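As structure tokens, the structure follows; a few thoughts come after it.
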Amino acid sequence: MPYIIGLFFTTFALVGVSNAMNIIDGFNGLASGICLLILCAIAYVAYDVQDMEIFYCSLALIGAVFGFFVCNFPFGYIFLGDGGAYFLGFIIGILLVLLTQRQDCISAFFGLSVMIYPVWEVLFSIWRRKKIGANATSPDNLHLHTLLFKKLKNNPLTSSVIICAYMPIVCISTIFYAYTHILILFILSLAVAYFVLYKKLLAF
């Protein structure tokens, strides 16, 4: 990929990932819990390919985010805020870019696969708003986590359900981090599954 195109794509991806993490920061422990899963995946893969710089950075972030998580979940004694969510999204994006670009054995789709929930939440939200003629950046309460909350009517339970459901997704992405064709099929399957689940929740 030419340098200019690569630079543009990387910048776009980092902005998108930062925004994606902010969008899912709606309930106690949700964004930080998802971040912990992703950081664990990054740490495992980094260790497996012996990229020790990324590995140690990931471990440090895991410790920091876990410290926040236990204060935020389930009672919300402290909050991440926009700045915290953007920061975590940006740092995770940087780690994923560095890891996939420095190690040829890691598929470029590994980053998208472990980030599929927050990233797809952004893309799907833009699509559904455009579909009804609304501003793509306008906030609303029709995200997947808010629809699930309307059904469960419990803040920490909503976060717990999503985090637990996301755990096997991150695990599978991590196991097949070197297999591009498997990751692509997995990403497409998850996008379809998200759409089906969203429609069912919207119907309640």
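May I ask you to verify whether Phe124 is within 12 Å of the chain's Cα centre (by Cα), aromatic (Phe, Trp, Tyr) and surrounded by fewer than 19 Cβ atoms within 10 Å (Cβ to Cβ)?
On the way: within 12 Å of the chain's Cα centre (by Cα): no; aromatic (Phe, Trp, Tyr): yes; surrounded by fewer than 19 Cβ atoms within 10 Å (Cβ to Cβ): yes.
Answer is no for this residue.
So, in segment 5-55, exactly how many residues are under 27 Å from Phe79 (Cα atoms), touching a Ser or Thr at 6+ places or on another chain (Cβ under 7 Å) and among the small types (Gly, Ala, Ser)?
Qualifying residue count, segment 5-55: 5.
Mind listing whichever residues of segment 3-61 are among the β-branched types (Val, Ile, Thr) and modelled with pLDDT of 95 or more?
At the first step, the residues of segment 3-61 found to be among the β-branched types (Val, Ile, Thr) are 4-5, 10-11, 15, 17, 23-24, 34, 38, 42, 45, 49, 54.
Hits for segment 3-61 are Ile34, Ile38, Ile42, Val45, Val49, Ile54.
For segment 72-93, name all the residues that are within 18 Å of the chain's Cα centre (by Cα) and among the hydroxyl-bearing types (Ser, Thr, Tyr).
Across segment 72-93, the qualifying residue is only Tyr86.
Scanning segment 151-204 for residues that are of a type in the set (Val, Ile, Thr) and within 14 Å of Gly29 (Cβ to Cβ), which turns out surrounded by the fewest Cβ atoms within 10 Å (Cβ to Cβ)?
Here is the first cut: in segment 151-204, the residues of a type in the set (Val, Ile, Thr) are 158, 161-163, 169-170, 172, 174-175, 180, 182, 184, 187, 192, 196.
Within this subset, residues satisfying the condition of being within 14 Å of Gly29 (Cβ to Cβ) are 158, 161-163.
Numbers: Thr158: 24, Val161: 17, Ile162: 21, Ile163: 19.
Top of the filtered list is Val161.
For Ser107, are the conditions met, namely being at pLDDT 95 or above and under 20 Å from Ala191 (Cβ atoms)?
Working: at pLDDT 95 or above: yes; under 20 Å from Ala191 (Cβ atoms): yes.
Taking the combined requirement at face value, the residue satisfies it.
Of everything in segment 132-147 that's of a type outside the set (A, V, I, L, M) and farther than 27 Å from Val161 by Cβ, which residue is farthest from the chain's Cα centre (by Cα)? Please lay out each step first, then the result.
Our first condition is that a residue be of a type outside the set (A, V, I, L, M); within segment 132-147, this holds for 133, 135, 137-141, 143, 145-146.
With the extra rule that they be farther than 27 Å from Val161 by Cβ, the set shrinks to 133, 135, 137.
Details: Gly133: 27, Asn135: 23, Thr137: 19 Å.
Taking the candidates together, the pick is Gly133.
Is there any pair with a first residue in segment 40-59 that is crowded, with 18+ Cβ neighbours inside 10 Å and a second that is assigned to a helix (DSSP H, G or I) and hydroxyl-bearing (Ser, Thr, Tyr) whose Cβ atoms are under 8 Å apart and which are 6 or more apart or on different chains, and what are they?
Cys40/Ser58; Ala41/Ser173; Ala41/Thr174; Ile42/Ser58; Ala43/Ser58; Val45/Thr174; Ala46/Ser58; Phe55/Tyr47
Mind checking whether some residue in segment 80-88 is of a type in the set (Ser, Thr, Tyr) and within 23 Å of Thr174 (Cβ to Cβ)?
Let us first name the residues in segment 80-88 that are of a type in the set (Ser, Thr, Tyr), namely 86.
Retained after the next criterion (residues that are within 23 Å of Thr174 (Cβ to Cβ)): none.
Within segment 80-88, none of the residues are of a type in the set (Ser, Thr, Tyr) and within 23 Å of Thr174 (Cβ to Cβ).
Has segment 81-98 got any residue that is touching a helix residue (DSSP H, G or I) at 6+ places or on another chain (Cβ under 7 Å) and exposed (fewer than 15 other Cβ atoms within 10 Å of the Cβ)?
There is at least one residue in segment 81-98 that is touching a helix residue (DSSP H, G or I) at 6+ places or on another chain (Cβ under 7 Å) and exposed (fewer than 15 other Cβ atoms within 10 Å of the Cβ).
Sort out for me the helices (runs of 4 or more DSSP H) sitting completely within segment 106-172 that have 3 or more residues that are of a type in the set (Val, Ile, Thr).
Ranges flagged: 116-131.
Name the pairs whose Cβ atoms lie under 6 Å apart, with the first residue in segment 125-152 and free of Cβ contacts under 8 Å to residues at least 24 places away in the same chain and closer than 17 Å to Lys199 by Cβ, the second of a type outside the set (Phe, Trp, Tyr) and not in a helix (DSSP H, G or I), and 6 or more positions between them or separate chains?
Listed pairs, sorted by first residue: Arg129/Ala136.
The values are calculated or read from the model by the stated rules, or taken from the named source; none is laboratory data. Only a predicted model underlies this, so the values are computations on that prediction, with no experimental measurement involved. Glycine also receives a Cβ, built like all others from the backbone with ideal geometry; neighbour counts cover every protein chain displayed.
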